[in-house]
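**Q** This is the structure, below, for whatever I ask next.
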Amino acid sequence: MLRQRSIIPGFSLTMGFSLTYLGLLVLIPLSMVFLKSSQLSGAEICRILFSPRALAAYQLSFGASLIAAGVNSVFGFLVAWVLVRYSFPLKSLVDALVDLPIALPTAVAGISLTTLYSPNGWIGSTLAQWGIQGSYSRLGVVIALTFIGLPFVVRTIQPVLKDADPEVEEAALCLGASRWQTFLKVLLPSLVPATLTGFALAFARALGEYGSVVFISGNMPMTTEIVPLLIMTKLEEYDYPSATALAAFMLCVSFLLLFVINSLQWWSQRHRKKLS
Amino acid sequence: MGIQIRNVSKSFGHFHALKDVTLTIPYGELVALLGPSGGGKTTLLRIIAGLDTPDSGSVILHGQDVSAKNPKDRDVGFVFQHYALFQHLTVFENIAFGLTVRPRRSRPSKEQIREKVTALIRLVQLENFIDRYPCQLSGGQRQRVALARALAVEPKILLLDEPFGALDAKVRKELRRWLRRLHEEVHVTTIFVTHDQEEAMEVANQLVIINEGRLEQAGTPEEIYHQPANPFVFHFIGDVNSFNWPGLEEKETVKSSGASAGPHLRRISVRPHLLKLSLDPPEGNRLAGRILHIIPAGPYVKVELKTEWGDSIQASISQERYKHLDLKTGMEVFIIPEELQDFEGSDAG
């Protein structure tokens, strides 16, 4: 099965290269994480993984990432919609702006967001009037994670929306559907897989984010400490086994979550894969 | 009554898709909008459906001016060239779509919908495909689903945009016959767009010829074929030879220009089956040609010739005549047009 006759030459060369590449960059570093943490006994691993501080960190990391990805799915969808469906002045500038969170050094993003949302910042001062604390709170973490996740949702939905056949919507209109029905019953179902992909990407990105969050969160253990930061703290204490145990745990859970999202996506478009 | 289109014009930027088109289509007809690609046929169809709005002019459907109405309020069914089926819905759900999106008050019950859709599925002969998704169907099957979907809302007018354009030749022929039968059964006013004259002639009982945004001629296939209104229609419908023919003023010389003496030539157009070939020189004007190629297979013998003035033409003659004359490649024959179309003030070229 591995060796198929193909017109394109160099299967063994390219395959060999790909495997080496993936091995060097992904597999070996990741397996080191598991190797290192296997020095610990089961009881020790449990103690590290289920310490109250770690539990709080998981809660924040996964919770904030999920919320951020969810927010991005809704508003990223909206941004993609506006960018594809309407033309307005400076559209290409707005379009370029979407990529900024990827290009910007995360520390820069973190510092500017922190300033903006701190109690005496532009937005933070307004929030403070309502008794909401922007920076140095769990909300701050969500804000930072939303910021960095936005491009992933927009950029996955955009091409699919662009390729959506306008005739399908026209067909729905001719059949008597209102604009809203057309959107809900015709357009949205075709965008669910792309939105799920965008959600998964934004979520994965948010889980791994470190740079911007350390500035805005305030890093208080038990309340605003995310898992990557906890790992950093362990490393600074030269507690490598604990750090790798936490890392391995994060890896497993992330993998599991991505797997679930992917299955969901497969399920949502299963009818396209049947037979055909 | 039926469909009236009054002075409709439409342009996209600098491109004039339709120029002052006025047309009446009677109730219950099966009409083909025929013309070269990019001539404005689809635009006209979309304007009737309300998917495009005309720059000027009005559309009257069954006595009611619908120019300002949305597609959903026009009672039209539209079938798109590329089907535009809902990919995430099954055949059944696709066909039922128009009924399920109705407001609650006028929506039929679940059983009524099921009954209706099942009847339509039978009509389009897709009984075994009810629960399939569009991607699991062939092109012809998809087109039939699109048709059934449009018919489900009981439109007063059915509009089809190049309905068979994306199908292969055999399926296309089948579906053409099927569409005729369907029209006889359902009897809804039907307009379909095509650039294939054979298809238009075979299916429709009324033809509307549109070219470069203008209505060239409307009439029965017979009228259009035998009494073309202008050179465009004549050349567009059926095969036509255009060639130089020695004019009536034989041997008239153009003295003032000092050009070489010779017959005054004019350009004429004749259908291949109206060209006679003869070995003996005819009386009056004569035109000789050399036979380049003979295609003897088929009900007619096709003879390709080059005239003495350098035009390439094709004549269709009967098998008997071919045997009688004993034509061979390279022979010199005389070409006699039996009936020639002469449009005033044009060179029909």
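**Q** Of all residues in the range B:63-76, which are out of contact with any Ser or Thr (no Cβ under 6 Å at 6 or more places or on another chain), surrounded by 15 or more Cβ atoms within 10 Å (Cβ to Cβ) and not in a strand (DSSP E or B)?
**A** Listed by number, the residues that qualify are B:66, B:71, B:72, B:74, B:75.
**Q** Within the range B:90-123, which residues are of a type in the set (Ser, Thr, Tyr) and facing chain A (nearest Cβ under 10 Å)?
**A** B:90, B:100, B:106
**Q** I'd like to know if the range A:212-223 contains one or more residues that are away from chain B (no Cβ under 14 Å), open to solvent by 10 Å² or more (accessible area, probe 1.4 Å) and assigned to a helix (DSSP H, G or I).
**A** Checked the range A:212-223: at least one residue is away from chain B (no Cβ under 14 Å), open to solvent by 10 Å² or more (accessible area, probe 1.4 Å) and assigned to a helix (DSSP H, G or I).
**Q** So, of the residues in the range B:124-136 that are part of a loop (DSSP other than H, G, I, E, B) and in contact with a Ser or Thr (Cβ under 8 Å, 6 or more places away or on another chain), which turns out to be farthest from the other protein chains (Cβ to nearest Cβ)?
**A** Checked the range B:124-136; the qualifying residue farthest from the other protein chains (Cβ to nearest Cβ) is B:130.
**Q** Checking residue A:182 against (1) open to solvent by less than 10 Å² (accessible area, probe 1.4 Å); (2) β-branched (Val, Ile, Thr); (3) touching a residue at least 24 places away in the same chain (Cβ under 8 Å), which test does it fail?
**A** Here residue A:182 clears every test but (3).
**Q** Count, please, the residues in the range B:77-89 that happen to be more than 8 Å from chain A (Cβ to nearest Cβ) and open to solvent by less than 10 Å² (accessible area, probe 1.4 Å).
**A** 1
**Q** Out of everything in the range A:157-174 that is surrounded by fewer than 23 Cβ atoms within 10 Å (Cβ to Cβ) and touching a Leu at 6+ places or on another chain (Cβ under 7 Å), what residue ends up being nearest to the other protein chains (Cβ to nearest Cβ)?
**A** So, considering only residues that are surrounded by fewer than 23 Cβ atoms within 10 Å (Cβ to Cβ) and touching a Leu at 6+ places or on another chain (Cβ under 7 Å), the one nearest to the other protein chains (Cβ to nearest Cβ) is A:170.
**Q** Among the residues of the range A:145-183, how many are over 30 Å from residue A:103 (Cα atoms), out of contact with any Pro (no Cβ under 6 Å at 6 or more places or on another chain) and not hydroxyl-bearing (Ser, Thr, Tyr)?
**A** The number of residues fulfilling the criteria is 15.
**Q** How about the range B:137-243: which helices (runs of 4 or more DSSP H) wholly inside it have at least 2 residues that are in contact (Cβ under 8 Å) with a residue 60 or more places away in the chain, over 19 Å from residue B:49 (Cα atoms) and in contact with a Ser or Thr (Cβ under 7 Å, 6 or more places away or on another chain)?
**A** Once the helices (runs of 4 or more DSSP H) in the range B:137-243 are filtered for at least 2 residues that are in contact (Cβ under 8 Å) with a residue 60 or more places away in the chain, over 19 Å from residue B:49 (Cα atoms) and in contact with a Ser or Thr (Cβ under 7 Å, 6 or more places away or on another chain), what remains is B:231-236.
**Q** Name the residue, out of B:125, B:206, that is surrounded by fewer than 21 Cβ atoms within 10 Å (Cβ to Cβ) and within 25 Å of residue A:172 (Cα to Cα).
**A** Only one candidate passes the filter, namely B:125.
The values are calculated or read from the model by the stated rules, or taken from the named source; none is laboratory data. Since the structure is predicted, the reported quantities are computational estimates derived from the model, not experimental observations. Virtual Cβ from ideal backbone geometry, glycine too; neighbours counted across all protein chains shown. Heavy atoms of the whole protein, side chains included, go into the accessibility calculation; ligands, DNA and RNA do not. Shrake-Rupley method; radii C 1.70, N 1.55, O 1.52, S 1.80 Å.
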